[in-house]
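Notes follow the structure.
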Amino acid sequence: MVDPRTTIINTRLKQIGRIIAVSSGKGGVGKSLVATTLALTLSRTGCKVGLFDLDFTSPSTHLLLGVKDAQPKEDKGIVPPQVNGLEYMSLIYYSHDHAAPLRGVDTSNALIELLAVTQWGKLDFLVIDMPPGIGDAVLDLVRLVKRIEFLIVSTPSQLAFETVRKQVSLLQSLKVPIIGVVENMKMTQASTVKRETEKLGLKFLTEIPYDPKVEESIGDEKKLLETAPAQKIRQLVAAKAL
Amino acid sequence: MHEWALAEAVIATAQQIAKKENLTEVREVSIKIGELQQVEKDILRFALSQLKPANFKNAKFHITRAKTTLKCRACGNTWLFREQGLDKETAEAIHFVPEVAHTYIKCPKCGSPDFEIAEGRGIWLENIKGVR
């Protein structure tokens with residue numbers, strides 16, 4: 001018995017320029033915010049961009065984007081709807097506001113199913129919002145998506161960076177490209193994360209100051225793009241640093 | 001036509017196996033579909049017939065349906081999935097991503113959503129036969 005779904009995944013993704021997984025060893029560091037503002041920013045430069053929320057058990061990009069009634073269309077698979085200019089895919093279309101308590105094997109199966117049946121079409125970028133850690137989602141993307149690249153988010157906390165260090169070590173040992181590290185929610189002048197990132201042989205992309213206005217921007221694209229994270233991401237995109 | 005995407009996956013995989021086994025022509029493809037995903041057999045068969053490449057022109061597709069067995073991890077209860085009783089929206093959600101069964105279905109004995117889909121989840125390619 002063979003699972004036929006994995007064979008078709010790279011065919012589904014072949015018209016996509018770059019596939020960027022926004023990831024971190026720790027939860028709560030701002031992955032969803034970075035992924036969403038990155039996708040919106042790239043889209044505002046005229047690129048065609050998809051955003052895929054792979055944090056199945058704790059999705060939040062739909063809240064950041066203020067997704068209301070969007071639903072995929074069925075056409076030789078699933079065609080993601082356009083939300084704020086993005087081709088947007090999430091398990092919330094099917095689990096709605098209910099809990100989706102998934103163990104590893106179920107996470108893996110749902111991920112394979114959505115990669116196998118989602119018809120993204122032609123995109124310049126697909127941004128993937130990852131669940132925290134180096135579990136099933138990371139291992140499956142590395143195994144199944146040939147051209148995956150990782151963008152890693154940390155906070156200034158030593159606790160966050162130590163998990164990042166483990167994630168980097170895993171990805172480097174598997175020879176998976178890492179675009180660099182973004183330091184989010186910075187509140188001091190300390191340059192520890194920058195220094196430690198460079199010691200790992202990685203690019204330190206930017207530091208994002210803690211911005212209390214992020215909370216009130218949730219669900220409002222205009223306000224979201226005015227936050228400190230969006231401004232810093234815009235500078236990165238403009239400088240072609242990604 | 002979500003079945004179309006699954007049919008494409010079946011053909012691509014069967015083609016890969018045929019190449020590996022040096023089959024010049026594929027004559028039979030056996031597919032198993034789990035009840036949980038509620039794949040429409042006729043639509044799947046139609047999609048397969050439309051998608052088959054030249055070396056599959058005489059291929060027959062055998063599609064069998066497998067019952068879905070769910071096993072509760074909390075109390076050990078085992079039961080069979082029944083589509084009946086699910087509202088249309090829930091049935092459709094499970095059709096697209098069978099794992100959302102964990103959102104809508106609970107163990108009938110203890111009420112836990114922590115169950116294993118022991119058998120009959122989705123689509124499997126069982127076997128292919130052909131000539132070298």
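Just name the residue that is nearest to A:H62 (Cα to Cα) out of those in the range A:218-231 that are outside any loop (DSSP other than H, G, I, E, B) and in contact (Cβ under 8 Å) with a residue 24 or more places away in the chain.
Only one residue fits best here, namely A:E221.
Scanning for something within 11 Å of another protein chain (Cβ to nearest Cβ), within 14 Å of A:A99 (Cβ to Cβ) and in contact with a Cys (Cβ under 7 Å, 6 or more places away or on another chain), does the range B:97-112 turn up at least one residue?
yes
Taking B:A93 as meeting all but one of (1) of a type outside the set (F, W, Y); (2) over 23 Å from A:V105 (Cβ atoms); (3) surrounded by 13 or more Cβ atoms within 10 Å (Cβ to Cβ); (4) within 14 Å of chain A (Cβ to nearest Cβ), write down the number of the exception.
Answer for B:A93: the failing condition is (2).
Keeping to the range B:1-37, report how many residues are of a type in the set (S, T, N, Q), away from every other protein chain (no Cβ under 11 Å) and in contact with a strand residue (DSSP E or B) (Cβ under 9 Å, 6 or more places away or on another chain). Don't jump to the end; show me each part of the working.
The first filter runs over the range B:1-37 and keeps only residues of a type in the set (S, T, N, Q), leaving B:13, B:15-16, B:22, B:24, B:30, B:37.
Subset that is away from every other protein chain (no Cβ under 11 Å): B:22, B:24.
Of the ones still in play, those that are also in contact with a strand residue (DSSP E or B) (Cβ under 9 Å, 6 or more places away or on another chain) are B:24.
Of the residues in the range B:1-37, 1 are of a type in the set (S, T, N, Q), away from every other protein chain (no Cβ under 11 Å) and in contact with a strand residue (DSSP E or B) (Cβ under 9 Å, 6 or more places away or on another chain).
For B:K60, work out the one condition from (1) open to solvent by 20 Å² or more (accessible area, probe 1.4 Å); (2) more than 30 Å from B:Q50 (Cβ to Cβ); (3) away from chain A (no Cβ under 12 Å) it doesn't fulfil.
(2)
If I ask for residues that are open to solvent by 70 Å² or more (accessible area, probe 1.4 Å) and aromatic (F, W, Y), which ones from the range B:96-132 would you list?
The one that is open to solvent by 70 Å² or more (accessible area, probe 1.4 Å) and aromatic (F, W, Y): B:W124.
Checking A:E162 against (1) surrounded by fewer than 19 Cβ atoms within 10 Å (Cβ to Cβ); (2) in a helix (DSSP H, G or I); (3) in contact with a helix residue (DSSP H, G or I) (Cβ under 6 Å, 6 or more places away or on another chain): exactly one of these is not met. Which one?
A:E162 satisfies every listed condition except (3).
Tally time: how many residues in the range B:113-127 are closer than 24 Å to B:I63 by Cβ and more than 9 Å from chain A (Cβ to nearest Cβ)?
Adding up the residues that qualify gives 3.
Can you tell which of A:K48, A:K76 is within 12 Å of another protein chain (Cβ to nearest Cβ) and either open to solvent by 40 Å² or more (accessible area, probe 1.4 Å) or in contact with a Lys or Arg (Cβ under 8 Å, 6 or more places away or on another chain) (or both)?
Criteria check complete, one pass: A:K76.
Can you say whether A:G133 is under 17 Å from the mean Cα position of the chain (by Cα), more than 8 Å from every other protein chain (Cβ to nearest Cβ), touching a residue at least 40 places away in the same chain (Cβ under 8 Å) and open to solvent by 20 Å² or more (accessible area, probe 1.4 Å), as far as the supplied structure shows? Walk me through how you get there before you give the answer.
Details: under 17 Å from the mean Cα position of the chain (by Cα): yes; more than 8 Å from every other protein chain (Cβ to nearest Cβ): yes; touching a residue at least 40 places away in the same chain (Cβ under 8 Å): yes; open to solvent by 20 Å² or more (accessible area, probe 1.4 Å): no.
No, not satisfied.
Of the residues that sit in the range A:80-102 and are open to solvent by 40 Å² or more (accessible area, probe 1.4 Å) and not small (G, A, S), which one is farthest from the other protein chains (Cβ to nearest Cβ)?
The selected residue is A:N84.
Give me a count of the residues in the range A:210-237 that are surrounded by fewer than 14 Cβ atoms within 10 Å (Cβ to Cβ) and closer than 17 Å to A:V29 by Cβ.
2
Every residue in the range A:21-55 that is over 19 Å from A:I208 (Cα atoms) and in contact (Cβ under 8 Å) with a residue 60 or more places away in the chain, please.
Hits for the range A:21-55 are A:R44, A:T45, A:C47, A:K48, A:V49, A:G50, A:L51, A:F52, A:D53, A:L54, A:D55.
Does any residue in the range A:1-16 that is more than 7 Å from every other protein chain (Cβ to nearest Cβ) come within less than 9 Å, Cβ to Cβ, of a residue that is β-branched (V, I, T) and in a strand (DSSP E or B) six or more places away or on a different chain, and which pairs are these?
If the second residue must be β-branched (V, I, T) and in a strand (DSSP E or B), the pairs left are A:R12/A:T118; A:L13/A:I19.
Against the conditions (1) within 17 Å of the chain's Cα centre (by Cα); (2) open to solvent by 20 Å² or more (accessible area, probe 1.4 Å); (3) of a type outside the set (A, V, I, L, M, F, W, C); (4) under 27 Å from A:K223 (Cα atoms), where does A:D69 fall short? Just the number, please.
Going through the list (1) within 17 Å of the chain's Cα centre (by Cα); (2) open to solvent by 20 Å² or more (accessible area, probe 1.4 Å); (3) of a type outside the set (A, V, I, L, M, F, W, C); (4) under 27 Å from A:K223 (Cα atoms), A:D69 breaks only (1).
Would you confirm whether or not the range B:77-86 contains a residue that is surrounded by fewer than 21 Cβ atoms within 10 Å (Cβ to Cβ) and in a helix (DSSP H, G or I)?
no
The values are calculated or read from the model by the stated rules, or taken from the named source; none is laboratory data. The structure displayed is predicted, hence computed values, not measured ones. A quick note on method: Cβ atoms are made from the backbone with ideal geometry, for glycine too, and the neighbour counts reach across all protein chains shown. Note: areas computed on protein heavy atoms with side chains; ligands, DNA, RNA excluded. Shrake-Rupley method; radii C 1.70, N 1.55, O 1.52, S 1.80 Å.
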